[in-house]
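Student: The structure follows.
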Amino acid sequence: MAFEGLSERIQNALSGLRKKGKVTQTDINQATREIRLALLEADVNFKVVKEFIAKIKERALGSEVLDSLTPGQQIIKIVNEELTQMMGESAVALNKSDKIPTVIMMVGLQGTGKTTTAGKLANRLMAEQKARPLLIAADIYRPAAVDQLKVIGNQLEVPVYEEGVNNSAEDIVRHGMQQAKENKNDYVIIDTAGRLEIDESLMDELKNVKEIAQPDNIVLVADAMTGQAAATVADGFNQALDITGVILTKLDGDTRGGAALSIRSITNKPILYVGEGEKLSDLDIFHPDRMSNRILGMGDMMSLIEKA
Amino acid sequence: SFGDKLNAFFANFRRIDEDFFDDLEDLLIESDVGYETSMNLVEALRDEAKLKNAKSKQALKEVIVEKLVGLYENPGEEDEGLTYNEANKPNIYLFVGVNGSGKTTTVGKLAAQLRSQGKSVMLVAADTFRAGAVQQLVQWGERVGVNVVTGPEKADPASVVFEGVKRAYDQEVDYLLIDTAGRLQNKVNLMNELDKIKRTIQKTFKDQPEETLLVLDGSTGQNAMSQAKEFNQVTQISGIVLTKLDGSSRGGIVIAIRNEMNIPVKLVGLGEQVGDLAPFDTEKFALGLFKGLI
Ligand SMILES: Nc1nc2c(ncn2[C@@H]2O[C@H](COP(=O)(O)OP(=O)(O)OP(=O)(O)O)[C@@H](O)[C@H]2O)c(=O)[nH]1
Ligand SMILES: Nc1nc2c(ncn2[C@@H]2O[C@H](COP(=O)(O)OP(=O)(O)OP(=O)(O)O)[C@@H](O)[C@H]2O)c(=O)[nH]1
Ligand SMILES: [Mg+2]
Ligand SMILES: [Mg+2]
């Protein structure tokens, strides 16, 4: 997309600074305005942006910037540090249970990529740990959701537990868990129907499923293209279910992906993986630094900091 | 009504001061209108309020409603709903968009609506790629009572479309709705595939598709603009279907799309059920943007 990189913007906002000598509050305000703009254009939630800017301002008024010969680059460095820190650690692993099976439950809004990502996780676990997962088809609402998971199971040669669409999701999960015990599957991945976080009865269904399956992982699957509501949505799912982590999908697109920051900052739960394509192998480890650069449109940032 | 709710909104503000405009700006940004469009809009409102000397709540309310609706609507533009050409059967509607935006569901819902108006409808399952996509549309077809043209597994989507067009012509149906696979707008190969589908249609009917509808997830942020641009480049978009407006999102980005590209929203998706599809209503939409403060 045709965004000017943030580092360029900050440099421009502070250009001519060196001639004046001292950095003033006004200069800092100008630089933070550019940061605010970049974050909003990247779809970071506006409340999250406000908090973030407050943090940057506080640090920017400290001596590391004020006494620097290159205040612009110092600010960029601070932004990068704070943002990467907010993004959390890389390579957070899924929780693993002491006794088999380890249970993973996929949740999220409609169409975010839960079913596909369930398959991707199974694929990854098999490759990394020679796992023997069982997929449970607990979406009884979306037309052909069960077929979709069965096709994916077939492709991966992974068993899919299903009862069609006439039994409750709760019953299907209860029976699926039994089957996993009998067959000694080491992982169970539960695919649930997409739902709005404000849909009380469907959120209750998820609470019931959680109660029945006692999942070690409740993964919120979120679309990287989501706008401002990413924060509200993530908060809703987290409040209701106490999610354990997030997977961000469709990052193979050209979105800046500010939703990552909103979700992370609102839930304080780790981003586990990112989806980077439709194939079942397109699931990658999350890199917080890359994500920050992407959000800010700062591909050129690292080289600038190195010079600073 | 719109007016009542706006009254309630303005009752919350004792004075029309800078705070008011700051809140308004936040509100628009929160609705995904986008930073630039929000700034412009607030600026315009500020000016207009000054110009019209709108000091009272009542006066400012009128200014805002006018401005919001006026910003979206094209003066002099007649009905911007879906078009139908009796002489051009089958009226072909092509549905395009990114992954998971709601294309297949919208095709199902619209088929039901057209059927209930006594029209004959046929569907084409041109998503031969995604797991379970064909079954999904076939189930919609069964639910709604319309025929679905399908091809063999992993068939070239253009060949399924060709078959669909032929059958729809032979059977003289009023509408042919084509469901395509989701694709991200930066995937060149997949966008070329869409171009091929369009050319396949035009081999038989050079003035079709009657509508090419971009199905946009209402919760999408600023990336929606890039979607509109890229899809428009490959298959000229005649309108937008804005889905999932029953959620927490307001789809404000369509204002920017309208401003920049003049593409109208023709339909909105309001849920997963067959009846959850409605024509776009500008006033309702404008009201939706105020949801947080009313
Ligand atoms: N490009 C891309 N597409 C993806 C990715 N993950 C999922 N998809 C696509 O997104 C669409 C929706 O994926 P699903 O797995 O059906 O989503 P879901 O959350 O299960 O949807 P519901 O069950 O209807 O709520 C499909 O077209 C997938 O192929 C990704 O990382 N990149
Ligand atoms: N709440 C809500 N859900 C919707 C709406 N429209 C579609 N959905 C849901 O969104 C999910 C994705 O819808 P699909 O119709 O499969 O989307 P698609 O664009 O065909 O997806 P792909 O073919 O995978 O690209 C499904 O779970 C639908 O039930 C809507 O207006 N509101
Ligand atoms: Mg699913
Ligand atoms: Mg589809």
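The values are calculated or read from the model by the stated rules, or taken from the named source; none is laboratory data. None of the values given here were measured: they were computed from a predicted structure. Cβ coordinates were reconstructed from backbone atoms using ideal geometry, including for glycine residues, and neighbour counts include every protein chain displayed. Remember, those area values only see protein heavy atoms, side chains included, never the ligands or the DNA or RNA. Shrake-Rupley method; radii C 1.70, N 1.55, O 1.52, S 1.80 Å.
Student: Using modelled amide H (1.01 Å from N, peptide plane; none on Pro or chain starts), what sits under 5 Å from the amide H of A:Gly245, excluding residues fewer than 5 places away?
Tutor: A:Ile218, A:Leu220
Student: Let me ask something else about it. Using only alpha carbon pairs under 8 Å that are at least six residues apart, calculate the relative contact order of chain A and give it in whole percent. All intermediate terms of the calculation are to be shown ahead of the outcome.
Tutor: Values: 555 pairs, mean separation 78.9, N = 308.
Worked out over chain A, it gives 26 percent.
Student: Let me ask something additional. Sequence-distant or interchain residues sharing an amide H contact under 5 Å with B:Gly239, placed H: which?
Tutor: Amide H neighbours of B:Gly239, under 5 Å, 5+ apart: B:Thr212, B:Leu214.
Student: Right, something else. Out of the DSSP beta bridges found with both residues in chain B, what percent are antiparallel (nearest 5)?
Tutor: Values: 3 of 29 bridges.
Antiparallel bridges: around 10 percent, rounded to the nearest 5.
Student: For the stretch A:21-123, max minus min Cα coordinate along each principal axis, in Å, sorted largest first?
Tutor: Cα spread of the stretch A:21-123 along its principal axes, largest to smallest: 63, 31, 20 Å.
Student: If you count only protein heavy atoms with a 1.4 Å probe, what accessible area per residue comes out for the stretch A:1-143, rounded to a whole Å²?
Tutor: Details: 6430 Å² over 143 residues.
Result: 45 Å² per residue.
Student: Let me ask something else. Name the long-range amide H neighbours of A:Tyr187: under 5 Å, sequence gap of 5 or more, or other chain; modelled H, no Pro or chain starts.
Tutor: Long-range HN contacts for A:Tyr187: A:Thr102, A:Arg132, A:Leu134.
Student: Something else: I'd like the GluC sites (Glu not before Pro) in the stretch B:148-195 restricted to DSSP loop residues with at most 16 other Cβ atoms within 10 Å, sorted by number. List each step's numbers first, then the result.
Tutor: On the way: sites: B:Glu153, B:Glu163, B:Glu172, B:Glu193; in loops: B:Glu153, B:Glu172.
Sparse-neighbourhood loop GluC sites (Glu not before Pro): B:Glu153, B:Glu172.
Student: In the stretch A:131-226, what GluC sites (Glu not before Pro) fall in a loop by DSSP, with at most 16 other Cβ atoms inside 10 Å? Provide the component values of the computation, followed by the final result.
Tutor: Details: sites: A:Glu157, A:Glu162, A:Glu163, A:Glu170, A:Glu182, A:Glu197, A:Glu200, A:Glu205, A:Glu211; in loops: A:Glu157, A:Glu162, A:Glu197.
Loop-located and lightly packed - A:Glu157.
Student: Out of the DSSP beta bridges found with both residues in the protein assembly as shown, what percent are antiparallel (nearest 5)? Mind showing how you got there, number by number?
Tutor: On the way: 7 of 59 bridges.
Counting DSSP beta bridges with both partners in the protein assembly as shown, the antiparallel share is about 10 percent.
Student: List the residues of the stretch B:129-151 whose accessible area drops by at least 40 Å² when all protein chains are present, compared with their chain alone, using a 1.4 Å probe and counting only protein heavy atoms.
Tutor: B:Phe129, B:Arg130, B:Ala131, B:Gln135, B:Gln136, B:Gln139
Student: With θ set to phi - 60° and the Karplus curve 6.51 cos²θ - 1.76 cosθ + 1.60, what are the ³J(HN,Hα) couplings of the stretch A:72-84 in order, to the nearest whole Hz, using x for Gly and Pro?
Tutor: Computed from phi, the couplings for the stretch A:72-84 are x, 5, 5, 5, 4, 5, 4, 4, 4, 4, 5, 5, 5 Hz.
Student: Evaluate the charge dipole of the protein assembly as shown about its Cα centre and quote only its size in Debye, nearest 20, assuming +1 on the Cβ of each Lys and Arg and -1 on the Cβ of each Asp and Glu.
Tutor: On the way: 70 positive and 88 negative charges, 167 e Å.
Here the size comes out at about 800 debye.
Student: Taking θ as phi - 60°, what are the ³J(HN,Hα) couplings along the stretch A:54-69 by the Karplus curve (6.51, -1.76, 1.60), each to the nearest whole Hz, with x for Gly and Pro?
Tutor: Here the 3J(HN,Hα) series is 4, 5, 5, 4, 4, 5, 5, 8, x, 5, 4, 8, 4, 8, 7, 7 Hz.
Student: Where only protein heavy atoms count, and the probe is 1.4 Å, what is the accessible area per residue for the stretch B:155-233 in Å²? Please report the intermediate quantities before stating the final value.
Tutor: Values: 3090 Å² over 79 residues.
Accessible area per residue: 39 Å².
Student: Here is a further query. What does the structure give for B:211-220 when I average, per residue, the other chain Cβ atoms found within 10 Å of the residue Cβ?
Tutor: On the way: counts 0, 0, 0, 0, 0, 0, 8, 2, 16, 7.
Going residue by residue through B:211-220 and averaging, the value is 3.
Student: I would also like to ask the following. Per DSSP helix of 4 or more residues, -39500 (n - 2.57); summed, then divided by the residues of chain B. What does that give at 222 nm, rounded to the nearest 500?
Tutor: Values: 11 runs with 142 residues, N = 294.
The helix-only estimate for chain B comes to -15500 deg cm²/dmol at 222 nm.
Student: Something else about it: How much mean residue ellipticity at 222 nm does chain A get from its helices, if each DSSP H run of length 4 or more adds -39500 (n - 2.57) and you divide by all residues, to the nearest 500 deg cm²/dmol?
Tutor: Numbers: 14 runs with 158 residues, N = 308.
Value at 222 nm, helices only, nearest 500: -15500 deg cm²/dmol.
Student: Next question, about the same structure. Over the stretch A:169-211, what lengths in whole Å, largest first, do the semi-axes of the equivalent ellipsoid take, defined as the square roots of 5 times the eigenvalues of the alpha-carbon gyration tensor?
Tutor: Numbers: eigenvalues 115, 19, 10 Å².
Whole-Å semi-axes of the equivalent ellipsoid: 24, 10, 7.
Student: Hey, another quick one. Can you pull the percent of the protein assembly as shown's accessible area that's carbon plus sulfur, 1.4 Å probe, other chains left in place?
Tutor: Working: 11650 of 25120 Å².
The C+S portion of the solvent-accessible surface of the protein assembly as shown is 46 percent.
Student: Right, next: Tell me, what is the FRET efficiency for A:Asp67 and A:Lys207 to the nearest 0.05, using R0 = 56 angstrom and their Cβ-Cβ distance as r?
Tutor: Working: r = 54 Å, r/R0 = 0.96.
About 0.55, to the nearest 0.05.
Student: I want to check the label-to-label distance for A:Thr24 and B:Arg115. Put each point 7 Å from Cα in the C-beta direction and report it in nm to one decimal.
Tutor: Result for the modelled spin labels: 7.0 nm.
Student: Oh, and also: Need one number: buried accessible surface between chains B and A, 1.4 Å probe, both sides summed, DNA, RNA and ligands left out, in Å² to 100. The partial results should precede the final answer.
Tutor: Values: alone 14100 and 14240 Å², together 25120 Å².
Buried: approximately 3200 Å² between A and B.
Student: Take every residue in peptide B:26-33, count the Cβ atoms of other chains within 10 Å of its Cβ, and give the average of those counts. Working shown, then result.
Tutor: Numbers: counts 3, 1, 1, 6, 8, 3, 5, 2.
Mean number of neighbouring Cβ atoms from other chains: 4.
Student: Could you tell me whether the stretch A:83-215 comes out rounded, prolate or oblate from its Cα gyration tensor? Rule is a ≥ b ≥ c as square roots of the eigenvalues, rounded for a/c under 1.5, then prolate if a/b exceeds b/c, otherwise oblate. Numbers along the way, then the final one.
Tutor: Working: a/c = 1.43, a/b = 1.08, b/c = 1.32.
Cα axes put the stretch A:83-215 in the rounded bin.
Student: Rounded to the nearest 20 debye, what is the charge dipole size of the stretch A:190-268 about its Cα centre when +1 sits on each Lys and Arg Cβ and -1 on each Asp and Glu Cβ? Don't jump to the answer; show the numbers that get you there.
Tutor: Working: 6 positive and 13 negative charges, 57 e Å.
Dipole of the stretch A:190-268, to the nearest 20 debye: 280 debye.
Student: Now a separate question. Shape call for the stretch B:80-225 from the C-alpha gyration tensor, a ≥ b ≥ c root eigenvalues: rounded (a/c under 1.5), prolate (a/b greater than b/c) or oblate? Walk me through the numbers before you get to the answer.
Tutor: Working: a/c = 1.33, a/b = 1.26, b/c = 1.05.
Since a/c stays below 1.5, the shape of the stretch B:80-225 is classed as rounded.
Student: Give me the extension gain from A:Glu8 to A:Glu128: residue separation times 0.36 nm, minus the current Cα-Cα distance, reported in nm with one decimal. Provide the component values of the computation, followed by the final result.
Tutor: Numbers: separation 120, 0.36 × 120 = 43.20 nm, distance 4.14 nm.
Additional length available on full extension: 39.1 nm.
Student: For A:Leu196, what is the net charge nearby, where nearby means another residue's Cβ is under 11 Å from its Cβ and Lys, Arg count +1, Asp, Glu -1?
Tutor: Overall, the nearby charge balance is -3.
Student: Quick one: what are the phi-derived ³J(HN,Hα) couplings along the stretch A:218-227, Karplus 6.51/-1.76/1.60 with θ = phi - 60°, whole Hz, x for glycine and proline?
Tutor: Whole-Hz 3J(HN,Hα) from phi for the stretch A:218-227: 10, 9, 7, 9, 10, 7, 5, 8, 4, x.
Student: Which is the longest stretch in chain B that no exposed loop site breaks, taking sites as trypsin sites (Lys or Arg not before Pro) with a DSSP loop state and at most 12 other Cβ atoms within 10 Å?
Tutor: Working: sites that count: B:Arg14, B:Arg15, B:Lys55, B:Lys154, B:Lys206.
Here the longest segment lacking exposed loop sites spans B:56-153.
Student: Next question, about the same structure. Placing unit charges on C-beta atoms (Lys and Arg positive, Asp and Glu negative, everything else neutral), compute the dipole magnitude of chain A about its Cα centre in debye, rounded to 20. Don't skip to the end; give the middle numbers.
Tutor: Values: 36 positive and 44 negative charges, 205 e Å.
With only Lys, Arg, Asp and Glu charged at Cβ, the dipole is about 980 debye.
Student: If you don't mind, another one. What is chain A by shape, rounded, prolate or oblate, if you read a ≥ b ≥ c off the alpha carbon gyration tensor as root eigenvalues and call it rounded for a/c under 1.5, prolate for a/b larger than b/c, and oblate otherwise? Can you show the working numbers first?
Tutor: On the way: a/c = 2.82, a/b = 2.47, b/c = 1.14.
Prolate, since a/c reaches 1.5 and a/b exceeds b/c.
Student: Just need the relative contact order of chain B here, percent rounded to a whole number, with Cα pairs under 8 Å and 6+ apart.
Tutor: Working: 485 pairs, mean separation 70.3, N = 294.
Relative contact order here is 24 percent.
Student: Shifting gears a bit: Given a cut-off of under 8 Å on Cα pairs at least six residues apart, what relative contact order in percent is computed for the stretch B:107-203? Don't skip to the answer; put the middle values down first.
Tutor: Numbers: 132 pairs, mean separation 33.0, N = 97.
Computed value for the stretch B:107-203: 34 percent relative contact order.
Student: Chain A: longest stretch without exposed trypsin sites (Lys or Arg not before Pro) (DSSP loop, at most 15 other Cβ within 10 Å), sites themselves excluded? Working shown, then result.
Tutor: Values: sites that count: A:Lys22, A:Lys96, A:Lys99, A:Lys130, A:Lys184, A:Lys279.
No qualifying site falls inside A:185-278, the longest such stretch.
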